[in-house]
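This report concerns only the one structure given below.
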Amino acid sequence: MLLPPPLEPSLPADVCQRAVRARDPRFDGVFFVGITTTRVYCRPVCPARVTYPDRRRFFSSAAAAERAGYRPCLRCRPELAPGRAICDAVSRLAQAAAHRIGAGALNGSSVAELAKDLGVSERHLRRCLERELGVSPIELAQTHRLLLAKRLLADTDLPVTRIAFASGFQSLRRFNALFRERYRIPPSAVRKAGRPLRTGEMSRSDRLRLTLAYRPPLHWTALVVELRRDAIAGVELVDGRSYARTVRLQERAGVLVATDAGEGHIDLEVSASLVPSLMPLLARVRHLFDLDAEPSVIDAHLAQDGLRSLVRQRPGLRIPGAVDGFEIALATLARGRVGWRSELPDPAEQIVQGLGDRLETGEPTLNRLSPTAERVVAAGSAQLIALGVPPRRARAIEEVGRLVLKGELRLEPGCDAPAIHRRLMQIEGVGDRLATHIVRRALYWPDAFSPEDPALQAAAGVSTSVALVARAEPWRPWRAYAVMHLRGPHE
C-alpha cells in the first residue's frame, strides 16, 4: 500500500530555515529538520554544523521524521525536545489519542481498545491521526517508546532489559529488532555515545535522575506559588524552589522531586519503584508543570490584548496541571475553594490522613498517598463528613468518585474539557468556579475561565459576568493564563 507523505509543519519553510540558522530555542520541539544526505533528523537548536538549506526537510513531529526514514541525531537528541501543547492545531480526537499514546495507552493494549475508549471506530482513529499527524497510531507509539529507550540508554545505567520494559516494549527481542530497524544502530551504540553526559544516574537515595526540557522563559517561582496554594500536606511538599510529591501509578508507588535547573531544563528525581511506569509518569509531570507550552506565543498574544504590563512583570507563566485528576477534584471539593488558607484543619488533609495509604519516603512530612476514587466511594459520604467535609460537598465528592469509576467522567488531558465542565456543574455542590479549577488543572484547559468569580471581575475592572466575558474574548484561547496574570502573585 502506498503511504501518504509525512505531514509537513504548519510553519512556512522560510521561517523554519531562519529558526535553524538562529538555533532559536522557541522552536525547539515545534518542528524537526531532516538532513537528506545523512538521513538524520535534528532539533532546530542542534549544535552541529548547519548543512545547506536545500538538504533540509522539515517535519511536524519526530514520528513523521522517522516514518520518512530518518533516525534521531545523537548530538542534539530529539528525545529531549519539549512537546507540543494540547491546544496546538490538531483536532480534538487527534489531541486525545496523541496524548494517551504518548502516556503509554498502546503499551500492551491495541488500537481497537484505544478507539473504543475514545468512542470512535478503529478505522476513524487511524484516518484521523494520518490526516492530523501524518503517522499511524502504532508508528506514533513506537516513536515514543524508542525515544524514551534512547534517552534511558544514553542517560542512565539501567540494564537494557529494564529499559526495554520501562519504555513500553513487551519483549526485549522486539525492542532490539525495532531499534536496529528504525535507527540503523544497535542500542549499545547509543549507550557508549551517551556515557559522558551522566545525567540519569541512580542517586544514593535510589532515585533515577533525569532532566525535562521546556521552552524558556518559565516563571518557576509563580508556578511553585500556585502549587503550594493547592498542596495537600502529606502528599505534596513545596519547599523553596523544589516540588516533591508521592505518586501512585499502575499499582506502583514512589516519590518524585522536581527543581528548576534553569537554561530550559527541570531536574527530576523519580523513585526506582516507579521506573516500570516511567512513560505515563513523565507525561503527567510534563502536564503538571505545563512544560509543553510556548510562552513566547502566549505572552505575545496576551500583551496585544491589554495585558502588556502584567506580562512584562511575569513572563513565562505556566498553568499548573495534575499528576492525578481525581486528587485535584477531591481537594477542591473538600475545601470548597481554591487552595486552603486557614487556621482550621484542612479537610483535604483530613481525608488523606483518614483514607490514604501510608508510604515510607524518608521525609517525615511526605508520607501519604492520595486515596483513589475506589477508596473514597467505598468509604462513602458519611465517612467524609466524619473527616470534616460539609455534607453537601461530601456527597459531591462521592458522586465524582462514582462517575470516575464508571468511566463517565475522565479527569485527564485530552478529554473534552467543556463537556467535563458541564458534567461537573450538574453535580449538586459543584459551582462554576470549582468546576473550572478542576478542569483547568486536571485536563490542562488553557482557556479555562470562570466569569462568575467576583475577584476576577474586580481585577479585570468590570462588575458583571457578562462584562467579564466580553472583556476576556480577545484573550482566547489562553484565558487561563490571562486569569493568572490578573490574579497576580497572590490570590
Breaking point among (1) crowded, with 17+ Cβ neighbours inside 10 Å; (2) in contact (Cβ under 8 Å) with a residue 60 or more places away in the chain, for PRO489: (1)
Matching helices (runs of 4 or more DSSP H) fully within the stretch 272-335 where at least 2 residues are more than 13 Å from the chain's Cα centre (by Cα): 295-302, 308-313, 325-335
Single residue of the stretch 129-188 satisfying the filter (polar (S, T, N, Q) and not in a loop (DSSP other than H, G, I, E, B)) that is least open to solvent (accessible area, probe 1.4 Å): THR143
Any pair with Cβ under 6 angstrom, 6 or more apart, that starts in the stretch 1-22 at a residue that is more than 25 Å from LEU140 (Cα to Cα) and open to solvent by less than 60 Å² (accessible area, probe 1.4 Å) and ends at one that is modelled with pLDDT under 65 and not hydrophobic (A, V, I, L, M, F, W, C): none
Inter-residue pairs, beta-carbon under 6 Å, first closer than 14 Å to LEU282 by Cα and in the stretch 238-259, second of a type in the set (Ser, Thr, Tyr) and open to solvent by 10 Å² or more (accessible area, probe 1.4 Å), 6+ apart: GLY254/SER271; GLY254/SER273; VAL255/SER271; VAL255/THR361
The stretch 342-372 - residue that is without any contact (Cβ under 8 Å) to a residue 12 or more places away in the chain and part of a loop (DSSP other than H, G, I, E, B) and, of those, surrounded by the fewest Cβ atoms within 10 Å (Cβ to Cβ): GLU343
Yes/no for ALA253 being assigned to a strand (DSSP E or B), in contact with a strand residue (DSSP E or B) (Cβ under 9 Å, 6 or more places away or on another chain) and surrounded by fewer than 19 Cβ atoms within 10 Å (Cβ to Cβ): yes
Selected residue (criterion: surrounded by the fewest Cβ atoms within 10 Å (Cβ to Cβ)) from residues of the stretch 296-341 that are of a type in the set (S, T, N, Q) and more than 25 Å from GLU428 (Cα to Cα): SER309
Every residue from the stretch 172-200 that is small (Gly, Ala, Ser), out of contact with any Asp or Glu (no Cβ under 9 Å at 6 or more places or on another chain) and at pLDDT below 95: SER188, ALA189, ALA193
All positions within the stretch 465-483 that are open to solvent by 10 Å² or more (accessible area, probe 1.4 Å) and either part of a helix (DSSP H, G or I) or farther than 20 Å from ILE298 by Cβ (or both): SER465, VAL466, ALA467, VAL469, ALA470, ARG471, GLU473, PRO474, ARG479, VAL483
Per-region count, the stretch 32-45, residues open to solvent by 30 Å² or more (accessible area, probe 1.4 Å) and in contact (Cβ under 8 Å) with a residue 24 or more places away in the chain: 2
Check on ARG402, basic (Lys, Arg) and crowded, with 17+ Cβ neighbours inside 10 Å: no
Of all residues making up the stretch 300-311, the number that are free of Cβ contacts under 8 Å to residues at least 40 places away in the same chain and within 25 Å of LEU212 (Cβ to Cβ): 1
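Working only within the stretch 46-62, note down all residues that are in contact (Cβ under 8 Å) with a residue 24 or more places away in the chain and either surrounded by fewer than 23 Cβ atoms within 10 Å (Cβ to Cβ) or in a strand (DSSP E or B) (or both).
Passing the criteria: CYS46, PRO47, ALA48, VAL50, PRO53, ARG56, ARG57, PHE58, PHE59.
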Every pair of residues 6+ apart whose Cβ atoms lie under 8 Å, when the first sits in the stretch 373-394 and is free of Cβ contacts under 8 Å to residues at least 40 places away in the same chain and β-branched (Val, Ile, Thr) while the second is in a helix (DSSP H, G or I) and open to solvent by 80 Å² or more (accessible area, probe 1.4 Å): VAL377/ARG402; VAL377/LEU405
Counted residues, the stretch 439-460 - those being aliphatic (A, V, I, L, M) and in contact with a Ser or Thr (Cβ under 6 Å, 6 or more places away or on another chain): 1
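The values are calculated or read from the model by the stated rules, or taken from the named source; none is laboratory data. Worth saying up front: this structure is predicted, and the values here are computed from it rather than measured. Because the Cβ atoms are built from the backbone with ideal geometry, glycine has one as well, and the counts that use them run over all protein chains shown. Heavy atoms of the whole protein, side chains included, go into the accessibility calculation; ligands, DNA and RNA do not. Shrake-Rupley method; radii C 1.70, N 1.55, O 1.52, S 1.80 Å.
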